[in-house]
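Some notes on the structure that comes next.
Values quoted throughout were computed directly from the atomic coordinates according to the rules given, and no laboratory measurement underlies them. Quantities reported herein were computed from a predicted structural model and do not represent experimental measurements. As a convention, Cβ positions derive from the backbone with ideal geometry for all residues, glycine included, and neighbour counts pool all protein chains shown.
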Amino acid sequence: MPENTKNVATIVDDLTTTDIGSRDTIYPISSAVREKQGSNPSMQAAERLNNAVDSEDTVLVLTGFLIPPSMVQETDGPLGAVSVARAVDSALDANPIIACEPAAVDICEATATAGELRVLDREAVSNNKRSVSVEPFPADRSKAQKYVEEILSEIDPAAVIAVEKAAPNKEGVYHNMSGYDVTEQTAKVDELYSRLPADVLTVSVGDAGNEVGMGLVQETVEDEIQYGDECQCGCGAGTAADIETDLLVPATVSNWGGHAIAACLSHVTQTPVLHDPEVERRMLVQASMAGSIDGIVGGTNAWCDGMPPDAHESVLRLIREVLRSSVHTRGGSEIGR
C-alpha cells in the first residue's frame, strides 16, 4: 500500500473508531477486527470494491435497525447507506439499490433525497446517474426467500454492502443492543447470505456486535460486549451476530463507517464523492422528520447514537480535511459537494 494511501486509511479509521460517545463497544471490536483481518479495513473495503465492481454493475446496500418498543428505524444506518450509495454511483459508475426494513423505506427515501440522490425505481436507476432505488427487504421469512431469489436471478449483484444491518445470532435470533428479541419485525437477511454465490463481494459495517459481519469477531463480542453472550430474551445465545462477510469495517457510529468507505473510494478512484457537513445535517434532519429516532436517547431530534448533529458534522469535516490533499480533479483539489 503506497505511503499516502496508508496515511489516509490510518487517519480515517482512527477518526471513525474513536469512542466519542463512550459506548464501550468499539475498542474491543475494532482491535479484534484488525487482529483477524489486518489494518485499514475501510481502505481494504474500498480497494476490494474498486476491483470487484465494474461500470453498470449493481451493488446491493443493506441497512435497517428497528428500535423497540415502537419498532421505529434509528438514525444510524440510513446515512451510511446513502453515503456508500453515492460512492457506488459516482466513483464506481455502478447502480446502487438500498434494501431496508419495510417500516424504514420512507425514512431511507427521505435520507437519500437529502443526500442529493434521486429515488427512482430499480430499472430507472441504471439509466440515471446520482440516483438510487430503495426497496423493502421482507421481514416475513417466506417473502424474504422470494425476494432473495428475485435479487439473485434478476439483479446478480457484484457486491453486497451492509451498514448497521441487524443479524441473527447462532440460534437464528435477531437482537437489539439491549439484548431483546426483534426477530419478528426484522428483515431476514440471513436468507440472502446463505445463498450468495462465492464470487459476490460482501462488505459490512457495524458498531455493537449484533450486526451483519460481526461473525468475524463473535468470540470478542461474547466476551467483551454487554449481552453478547447472554441476552434478555431467553434464547440463551446472546446478541453476538453469526454472519461473517469478506470484509468488516468497524465504526463508533455505523454511519461513520459508511463515510469511511466512501472517503477511501474517493482516494482510490480519485473521484470526489464524500458529501459535505451541511448535507450530513440535512440527512439527519430529514430522516428524523420522516420518523427516524436516535437509537440511544430516542426522539426525532436529528441526533444519532446519543450525539447531536454537530458531532457528526465535525467527524465528517475532519475526514474531508484528510482527503483534501489526496483527491484531485481537473479543477484542483476538492472532496465533493
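The table for this structure:
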{"quantity": "Charge dipole (the chain, unit charges on Cβ, about Cα centre) - positive-most of 159, 33, 112", "calculated": "112"}
{"quantity": "Packing rank of 302-311, 259-268, where each peptide gets the mean count of other beta carbons within 10 Å, highest leading", "calculated": "259-268, 302-311"}
{"quantity": "Structure-based [θ]222 nm, the chain - -39500 (n - 2.57) summed over DSSP H runs of at least 4, per residue, nearest 500", "calculated": "-11500 deg cm²/dmol"}
{"quantity": "Ordering of 99-109, 114-124, 168-178 by packing [mean C-beta count within 10 Å, highest first]", "calculated": "99-109, 168-178, 114-124"}
{"quantity": "Distance between modelled label sites at residue 184 and residue 153, nm, 7 Å Cα→Cβ extension", "calculated": "3.1"}
{"quantity": "The chain - Rg (one decimal) and Dmax (whole number), Cα, Å", "calculated": "17.8, 59"}
{"quantity": "Neighbourhood net charge (12 Å Cβ-Cβ; Lys/Arg +1, Asp/Glu -1) for residue 34", "calculated": "-2"}
{"quantity": "HN-Hα J in Hz across segment 131-146 - Karplus 6.51, -1.76, 1.60, θ = phi - 60°, x for Gly and Pro", "calculated": "9, 8, 9, 10, 10, x, 9, x, 8, 5, 5, 5, 5, 5, 4, 5"}
{"quantity": "Flagged links, alpha-carbon separation over 27 Å, of 129/188; 146/170; 36/170; 36/143", "calculated": "129/188; 36/143"}
{"quantity": "Note, ³J(HN,Hα) from phi for segment 251-261, Karplus 6.51, -1.76, 1.60, rounded to Hz, x at Gly and Pro", "calculated": "8, 4, 10, 4, 3, 5, x, x, 5, 5, 5"}
{"quantity": "Rounded to 5, percent antiparallel among DSSP beta bridges of the chain", "calculated": "25"}
{"quantity": "Karplus 3J(HN,Hα) series, Hz, for segment 227-241 with 6.51 cos²θ - 1.76 cosθ + 1.60 (x for Gly, Pro)", "calculated": "6, x, 10, 8, 7, 10, 9, x, 6, x, 10, x, 8, 4, 5"}
{"quantity": "Cα radius of gyration and Dmax for segment 226-289 (Å)", "calculated": "17.0, 50"}
{"quantity": "For the chain, size of Cβ-based charge dipole, Lys and Arg +1, Asp and Glu -1, in debye", "calculated": "920"}
{"quantity": "Relative contact order (percent, whole number), the chain, Cα cutoff 8 Å, 6+ residue spacing", "calculated": "23"}
